[in-house]
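Trainee: Would you mind keeping the following structure in view while I ask a few things?
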Amino acid sequence: MPNSHYFSKKPSSKDERGKIVTMLRGRKYSFITSRGVFSAKRVDTGTRVLVENMHIPEDGDFLDLGCGLGIIGIVAASMMPELHVHLTDVNTRAVKLTRLNVQRAELSNCEVYEGYLYEALGDQKFDAIISNPPVSAGMHNVVHPMISGAYERLNPDGILQMVIQSNKGGKMLAGFFDDIFGEHEVVAKKSGYRVLSSCKC
């Protein structure tokens, strides 16, 4: 995989900073961004659809898996101050930016980790795992382990939610959810994307 890919540990592109200002779930947010991180110039459509429709528990432990700039986790932490939000990414630059964005948002209920998938999280269990998965990094090699790992990491009645382009892996992702969780629900469809949800019930 080329080092310039956002899923790589150390992007080879120059760290050129920018800023995104956007509205999500009725609130205004500002994120510092850079080259070599997913969707560096705007909040991508998939993440926006996911954030606007994701289930956010009032408390417990929430994981933003493959956090990029930290958008999903920061929105959750901002809306639910009693929630303990964990954000993790393999990309060193993404982790640095997420820590900066958490600090700028003045959030005290977030922890940021660097590592591949779940490797930096110890034995931590979660009540919700939310992700815009890195489909271009490989559905079988990366996305499937994200889903199987989520089942192992969720508390009883915990939920996994992911967004996918309907015509670019939508059926395959739904199949992964069904194989591992037994069933799935489509909680939202918009702009060619769909949000899938499964419960460890």
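Trainee: Report the residue count in the range 65-90 for those that are over 9 Å from Val112 (Cβ atoms) and either touching a strand residue (DSSP E or B) at 6+ places or on another chain (Cβ under 6 Å) or of a type outside the set (D, E, K, R) (or both).
Mentor: So the count comes out to 18.
Trainee: Would you call Val49 β-branched (Val, Ile, Thr), modelled with pLDDT under 95, closer than 16 Å to Cys67 by Cα and surrounded by 11 or more Cβ atoms within 10 Å (Cβ to Cβ)?
Mentor: Against the criterion (β-branched (Val, Ile, Thr), modelled with pLDDT under 95, closer than 16 Å to Cys67 by Cα and surrounded by 11 or more Cβ atoms within 10 Å (Cβ to Cβ)), Val49 does not qualify.
Trainee: Hey, another quick one. When you go through Val143, Val85, Val163, Val95 one by one, which is the residue that is touching a residue at least 40 places away in the same chain (Cβ under 8 Å) and not in a loop (DSSP other than H, G, I, E, B)?
Mentor: Val163
Trainee: While we're on this one: Kindly indicate whether any position in the range 102-116 is surrounded by 15 or more Cβ atoms within 10 Å (Cβ to Cβ), in contact (Cβ under 8 Å) with a residue 12 or more places away in the chain and within 22 Å of Lys168 (Cβ to Cβ).
Mentor: no
Trainee: From the list Ser131, Ser136, Ser197, which one is more than 24 Å from Val75 (Cα to Cα) and within 18 Å of the chain's Cα centre (by Cα)?
Mentor: Ser136
Trainee: If I ask for residues that are charged (D, E, K, R) and either surrounded by fewer than 21 Cβ atoms within 10 Å (Cβ to Cβ) or more than 15 Å from the chain's Cα centre (by Cα) (or both), which ones from the range 84-101 would you list?
Mentor: Arg93, Lys96, Arg99
Trainee: Take Gly66 and tell me if it is touching a Pro at 6+ places or on another chain (Cβ under 7 Å), modelled with pLDDT under 95, buried (at least 17 other Cβ atoms within 10 Å of the Cβ) and of a type in the set (Gly, Ala, Ser).
Mentor: So Gly66 fails the test.
Trainee: Quick one: in the range 136-169, of everything that is touching a Leu at 6+ places or on another chain (Cβ under 8 Å) and of a type in the set (Gly, Ala, Ser), which residue is surrounded by the fewest Cβ atoms within 10 Å (Cβ to Cβ)?
Mentor: The extreme case among them is Gly149.
Trainee: Within the group Gly182, Gly169, Gly138, Gly158, which residue is more than 17 Å from Leu65 (Cβ to Cβ) and of a type in the set (Gly, Ala, Ser)?
Mentor: Matching residue, one of Gly182, Gly169, Gly138, Gly158: Gly182.
Trainee: Let me ask another. Any idea which residue in the range 19-46 is nearest to Gln161 (Cα to Cα), counting only those that are charged (D, E, K, R) and buried (at least 16 other Cβ atoms within 10 Å of the Cβ)?
Mentor: Per the criteria, the residue is Asp44.
Trainee: List the pairs whose first member sits in the range 39-60 and is over 13 Å from Val75 (Cβ atoms), whose second member is part of a helix (DSSP H, G or I) and of a type in the set (Ser, Thr, Tyr), and whose Cβ atoms are under 8 Å apart, counting only residues at least 6 apart or on separate chains?
Mentor: The qualifying pairs are Ser39/Thr47.
The values are calculated or read from the model by the stated rules, or taken from the named source; none is laboratory data. Because the structure is predicted, anything quoted here is derived from the model rather than measured. Using ideal geometry, Cβ is built from the backbone for each residue, glycine included, and neighbour counts are taken over all protein chains shown.
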